[in-house]
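Every number in this text was worked out from the coordinates using simple rules, so none of it is lab data. Every value quoted in this text rests on a predicted model; they were computed, and no experiment measured them. As a convention, Cβ positions derive from the backbone with ideal geometry for all residues, glycine included, and neighbour counts pool all protein chains shown.
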Amino acid sequence: MFGINIANFIAGQEWIFIIIIAVVFIFGAKKIPELAKTFGKAKGEFEKGKIEGEKELKDFKDKEAKSD
């Protein structure tokens with residue numbers, strides 16, 4: 001019975017606040033901007049790699065199409 005009530009509570013929008021509070025407790029308020037900056041850089045690098053991979057795949061497909 002208690003577990004069902006928690007599941008209903010967490011299923012709503014409140015879970016965002018719970019996660020934010022947990023992150024603040026785990027990392028501390030001073031560390032969060034550094035983590036966000038690191039996450040942003042990692043996301044940017046991932047996007048660059050994704051674009052580069054798609055370009056290489058397109059070039060490879062174009063090269064294969066010309067050789068056929």
Residues of segment 19-68 being of a type in the set (V, I, T) and in contact with a helix residue (DSSP H, G or I) (Cβ under 8 Å, 6 or more places away or on another chain), in sequence order, are V23, V24, I32
Filtering segment 29-68 down to residues that are in a loop (DSSP other than H, G, I, E, B) and either touching a strand residue (DSSP E or B) at 6+ places or on another chain (Cβ under 6 Å) or exposed (fewer than 10 other Cβ atoms within 10 Å of the Cβ) (or both) yields A29, K30, D68
